[in-house]
Amino acid sequence: MKDRMRIFTSLIGLLTTLVGVSAQTAQPVPRLVVTVFIDQLRSDYIEAFSPLYSQGGFDRLMKEGRMYGSVNYPLARIDRAAAISTLFTGTVPFNHGIVGEQWLDRATLRPVYCVDDYEHGFTPSNLAVTTLTDELKLATSGRSLVYSFAPDREMAILSAGHAADGAFWVNEVNGEWSSASFYGSTPGWFEYAAQTDPLSHRLGKLVYEPYSQEVAQFNYFLSNGLTTPFKHKFSYKDQYSSYKASPFINDEMNLMVKSCLDNTSVGQDEITDFISVSYYAGNFEHRSVLERPLEMQDMYVRLDRSLKDLLDMLDDKVGLDKTLVVLTSSGAEEKVDVDMSAYKIPQGTFYMNRTSALLNMYFMATYGQGRYVDATFQNQIYLNYKQFDEKQIDLNTAFEKARDFLLQCSGVKNVYTSRQLLSGTSNTVLNLLRNNYNAKCSGDISVELLPGWNMINEEMQMFYRDYTPLADFPLYFLGYQVVNEQVYTPVSIDVVAPTLASFMRIRAPNACTSAPLKGIRR
């Protein structure tokens with residue numbers, strides 16, 4: 001009997017040990033992951049206006065989080081759509097398909113907006129791979145809750161991915177919160193929050209003035225006119241688009257995030273949930289800092305307050321020790337019109353439609369009558385492959401002739417062809433341009449202009465500016481098991497998706513090839 005009891009006791013002890021080992025080796029996951037994607041956020045401005053900040057915003061990120069100070073997008077040209085898609089897929093437009101906010105459909109020769117679907121409204125159907133949030137949904141059999149909030153529809157939908165529970169943004173025509181039916185029926189909590197004290201009831205009374213006297217007197221920029229504080233009202237034709245290009249839009253995002261946290265079970269169980277929120281950090285009404293320097297200073301001060309409010313909200317509702325927060329930038333800023341002729345700085349205008357017509361005439365002089373150029377869009381030329389095929393013209397030769405012709409045009413710095421990008425030849429510039437290229441929507445020839453030159457397409461009434469990569473923008477991790485440290489080793493933004501996947505113990509997006517960051521967690 002004693003021998004049996006001894007054996008039974010030993011078995012109980014062994015089972016207890018095995019269960020204990022299992023519990024110790026099972027790595028926990030954050031209850032909530034929150035990405036904060038800030039359009040046009042710049043490291044130099046974060047640092048420049050730091051004397052004006054409160055405690056708990058950028059200050060908290062630095063004191064408690066992990067900051068990567070040398071970050072880049074692996075792209076030659078950046079806009080918000082390409083940037084946020086790269087962030088959430090861990091790969092580049094060559095694979096994920098979102099080359100920009102707009103491109104030309106090769107089949108119809110009509111412009112396509114990245115999340116517009118003529119049959120189904122607004123969808124992520126042009127996103128050809130899985131996102132981080134898609135993989136989270138797959139890993140949890142759909143039990144994870146995934147919501148996205150952004151000023152604009154492309155940021156909301158592309159960060160939500162294909163399998164989210166909802167993507168929400170502010171309509172700039174009427175100021176109302178909108179959602180995509182692609183994700184199913186609109187949640188009741190969202191409808192209630194959207195209809196309670198709507199923006200249309202508040203905006204006419206809102207006056208945008210400096211946040212404080214300290215902001216009004218702070219002098220970072222060298223421009224004149226800093227002694228007169230600004231005062232703007234939102235009671236005119238483009239009031240909602242102006243509101244979305246103001247610091248108040250960030251507080252609008254926070255209101256909806258709060259409603260989500262208050263009225264759903266997000267972050268309340270052991271299954272990881274996900275919230276994506278996008279902010280704006282450009283200048284008021286997209287103006288130059290030369291024109292409105294005080295507004296830019298005020299933007300960062302108010303952004304710091306909005307960030308503090310968001311972190312406090314997450315800490316109160318879920319706990320930052322159970323929440324992983326990731327914050328970064330779109331990596332680009334909008335170019336604004338500045339007349340440089342008064343300072344004798346070289347500048348000019350390149351007419352894309354006229355140049356493409358001349359290129360077609362050049363081809364006709366070389367190969368005979370025909371329509372060799374199908375269309376142009378932004379800085380790209382789309383060739384008529386059928387015409388070249390019917391005349392049995394070698395495309396490689398035609399591409400080289402086109403390149404040589406365009407390089408002789410005023411204002412042209414360089415010309416790249418799709419054959420050149422896909423040839424396998426490798427250098428830093430070609431690799432970045434190749435990352436931006438996608439065969440389904442990119443043109444056959446890309447024209448790069450000299451600095452100071454602008455591109456106009458009179459036929460499409462399009463004024464095109466390249467987006468300029470910022471000299472410096474940050475990447476922050478805060479909260480769940482994050483080691484507090486400042487790191488200045490260069491990192492590419494496509495490592496964020498696999499790093500977050502590692503935290504959540506799920507597969508990285510299916511086109512991601514980057515490894516997760518090391519040494520980031522305790």
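So here's what we get for this one:
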| item | result |
| --- | --- |
| Flag for Ser148 being hydroxyl-bearing (Ser, Thr, Tyr), out of contact with any Cys (no Cβ under 9 Å at 6 or more places or on another chain), open to solvent by 30 Å² or more (accessible area, probe 1.4 Å) and outside any helix (DSSP H, G or I) | no |
| Residue match in the range 86-106 (condition: closer than 25 Å to Pro490 by Cα, at pLDDT 95 or above, among the aliphatic types (A, V, I, L, M) and outside any loop (DSSP other than H, G, I, E, B)) | yes |
| Failed item in (1) in a loop (DSSP other than H, G, I, E, B); (2) in contact with a His (Cβ under 7 Å, 6 or more places away or on another chain); (3) among the charged types (D, E, K, R), with Asp134 passing the rest | (1) |
| Selected residue (only one of Ser259, Ser265 is assigned to a helix (DSSP H, G or I), modelled with pLDDT of 95 or more and open to solvent by 10 Å² or more (accessible area, probe 1.4 Å)) | Ser259 |
| Criterion violated by Phe477 - all others in (1) part of a strand (DSSP E or B); (2) modelled with pLDDT under 95; (3) buried (at least 17 other Cβ atoms within 10 Å of the Cβ) satisfied | (2) |
| Some residue of the range 308-326 being open to solvent by 70 Å² or more (accessible area, probe 1.4 Å), on the phi < 0 side of the Ramachandran plot, part of a loop (DSSP other than H, G, I, E, B) and touching a residue at least 24 places away in the same chain (Cβ under 8 Å) | no |
| Which numbered condition Met352 misses (of (1) at pLDDT 85 or above; (2) within 30 Å of Phe477 (Cβ to Cβ); (3) open to solvent by less than 10 Å² (accessible area, probe 1.4 Å)) | (2) |
| Enumerated helices (runs of 4 or more DSSP H) restricted to the range 361-465, each holding at least 3 residues that are touching a helix residue (DSSP H, G or I) at 6+ places or on another chain (Cβ under 7 Å) | 395-407, 428-436 |
| In the range 228-242, residue farthest from Tyr211 (Cα to Cα) [restricted to those that are more than 26 Å from the chain's Cα centre (by Cα) and at pLDDT 90 or above] | Phe234 |
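Here is a yes/no grid of residues against (1) of a type outside the set (A, V, I, L, M, F, W, C); (2) in contact with a helix residue (DSSP H, G or I) (Cβ under 6 Å, 6 or more places away or on another chain); (3) free of Cβ contacts under 8 Å to residues at least 12 places away in the same chain:
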residue	(1), (2), (3)
Met67	no, no, no
Ile84	no, yes, no
Phe94	no, yes, no
Glu101	yes, yes, no
Ala107	no, no, yes
Tyr113	yes, no, no
Thr123	yes, yes, no
Leu132	no, yes, no
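The values are calculated or read from the model by the stated rules, or taken from the named source; none is laboratory data. These numbers were taken from a predicted model, which means no experiment stands behind them. Ideal geometry is used to build each Cβ from the backbone, glycine not excepted, and the neighbour counts take in all protein chains shown. Ligands, DNA and RNA are stripped out before the accessible areas are found, and what is left, the full protein with its side chains, is counted by its heavy atoms. Shrake-Rupley method; radii C 1.70, N 1.55, O 1.52, S 1.80 Å.
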